[in-house]
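Since every read-out is calculated from the coordinates, none of them should be taken as a lab result. Computed from a predicted structure; not experimentally measured. We place every Cβ from the backbone using ideal geometry, glycine too, and count neighbours over all the protein chains shown.
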Amino acid sequence: MTLTEKQIISFDQDGYLILRNLFSQKEITVLQTEAARIAKLDTEGIIKENKTSTPKIMLRMHDPESPTTSPAYVMAARLPRVLGAAQQVLRTRDLYLHHSKINIKGAIEGSVWPWHQDFGQWKLDGILEPNLVTFMIMLDEATELGGCLHFQPGSHRLGRIDPQWDQSTAYNFYSTPTEDIKRALKQGRKPVAITGCPGDAVLFHCNLLHSSGQNLSAEDRRQVYFCYNPTNNRPREVDNPRPEYARSTNWEPVQLEENASLLGSKI
């Protein structure tokens, strides 16, 4: 898949790009099956909700050296429609994966992700430039009732906002301070609900403000994230770095697999 000039301009202006029906139902079934298998593992790269055995986040599926590795996800991260799209908007072919993850909103109990910018944390990982993108794939229907993502279009142009340490969720991380969010929402464009169906995908900028609410529906909601960074933007050394499952130290470029197929990946 090759993005059009119009799509690239839209990404640059809005900070995100929605790609409908990018994966077939058979391909999504492969990824769903692997997500269910990984969820049963007991390893540090899987963080669970406080009051349930349902994971909130599962990390590092793309790495063959990881206990959560999956051939299907290794292959997905190399597909032209995934990696190729990231290469186009970042204007370079030399990208590595800063991390990969599956976010899960368990039915009823799936908790919120407060407003934040991904680069709020990633700069603290030692990355100098806000030149990363995330490619997200929907494994289940994403609805507002089910706690879908919300983006503020164009907010990536605000630059990085100094984050605050947030312990309100099972996976503690750096979120954007409340007063900064209020100011951005009042002065900027109206947030957009990122709803969709299994097989839809979204590409978004590392400084884009985004959040998601609690899953109030009866169905789990799972989404896959591949976070790409140019190899020349790899992290500097920092004190007390995050674990390998959250901050990769494998900075080799991901190789594009022109003829790759998820349906042929060995599981």
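Bin all alpha-carbon pair distances of segment 81-122 at 10 Å intervals from 0 and give each bin's fraction as a whole percent.
19, 37, 31, 12, 1
What lysines does Lys190 reach when the alpha-carbon gap must be under 17 Å and sequence neighbours fewer than 8 apart in one chain are set aside?
Filter leaves Lys182.
Show which lysines lie in cross-link reach of Lys123 when reach means a straight Cα distance below 22 angstrom and same-chain residues fewer than eight apart are skipped.
Lys101
Within the chain, what's the longest stretch lacking trypsin sites (Lys or Arg not before Pro) that sit in DSSP loops with no more than 16 other Cβ atoms inside 10 Å? Walk me through the numbers on the way to the answer.
Working: sites that count: Arg20, Lys40, Lys51, Arg91, Arg93, Arg160, Arg189, Arg236, Lys266.
In short, 94-159.
Once phi is turned into θ = phi - 60°, what whole-Hz ³J(HN,Hα) does the Karplus curve with 6.51, -1.76 and 1.60 give for every residue of segment 90-107, x standing for Gly and Pro?
8, 6, 7, 8, 8, 10, 10, 9, 5, 6, 10, 7, 10, 8, 10, 10, x, 3
Along the charge dipole of segment 7-256, pointing to its positive end and built from +1/-1 on Cβ of Lys, Arg, Asp and Glu, which listed residue (Leu256, Tyr73, Asn240) has its Cα farthest out?
About the Cα centre, the residue reaching furthest to the positive side is Leu256.
Please go through segment 13-82 and write out the GluC sites (Glu not before Pro) that DSSP classes as loop and that have at most 10 other C-beta atoms within 10 Å. Please list the in-between numbers first.
Values: sites: Glu27, Glu34, Glu44, Glu49, Glu65; in loops: Glu44, Glu49, Glu65.
Filter output for segment 13-82: Glu65.
Taking only DSSP H segments of four or more residues, each worth -39500 (n - 2.57), what value at 222 nm results for the chain once the sum is divided by all its residues, to the nearest 500 deg cm²/dmol? Before the final figure, lay out the partial values.
Details: 6 runs with 52 residues, N = 267.
It lands at -5500 deg cm²/dmol.
Using only the Cα atoms of segment 1-119, construct the convex hull and provide its projected area averaged over every direction, in square nanometres to one decimal.
Working: hull surface 35.7 nm².
Taking the Cα atoms of segment 1-119, their convex hull projects to 8.9 nm² on average.
When the convex hull of the C-alpha atoms of segment 219-267 is computed, what volume per residue in Å³ does it have? The partial results should precede the final answer.
Working: hull volume 7.8 nm³, N = 49.
Looking at segment 219-267, the number lands at 159 Å³ per residue.
Sequence neighbours fewer than 8 away in the same chain don't count; with that in mind, list the lysines whose C-alpha is under 20 Å from Lys26.
Qualifying lysines at Cα under 20 Å: Lys266.
Under a Cβ-only charge scheme (Lys and Arg +1, Asp and Glu -1), can you give me the dipole magnitude of segment 7-256 about the Cα centre, in debye to the nearest 20?
Working: 28 positive and 28 negative charges, 90 e Å.
Computed about the Cα centre, the dipole is about 440 debye.
State whether the chain is rounded, prolate or oblate according to the following rule on the C-alpha gyration tensor (a ≥ b ≥ c being the square roots of its eigenvalues): a/c under 1.5 gives rounded; otherwise a/b larger than b/c gives prolate, and the remaining case gives oblate. Don't jump to the answer; show the numbers that get you there.
Values: a/c = 1.20, a/b = 1.07, b/c = 1.12.
Rounded shape, in that the Cα axes give a/c under 1.5.
Quick one: compute the contact order of segment 7-256, relative version, from alpha carbon pairs under 8 angstrom and 6+ residues apart, as a percent. Write down the numbers at each step before the final one.
Numbers: 566 pairs, mean separation 81.4, N = 250.
Reported relative contact order: 33 percent.
Roughly speaking, what is the stretch gain from Arg93 to Glu258, that is 0.36 nm per residue apart minus the C-alpha to C-alpha distance, in nm to one decimal?
Numbers: separation 165, 0.36 × 165 = 59.40 nm, distance 1.33 nm.
Stretched out fully, the Arg93 to Glu258 stretch lengthens by 58.1 nm.
What is the gain in length, in nm to one decimal, between Thr249 and Asp12 on full extension, counting 0.36 nm per residue of separation less the C-alpha to C-alpha distance? Let's see the in-between values first.
Numbers: separation 237, 0.36 × 237 = 85.32 nm, distance 2.81 nm.
Result: 82.5 nm gained on full extension.
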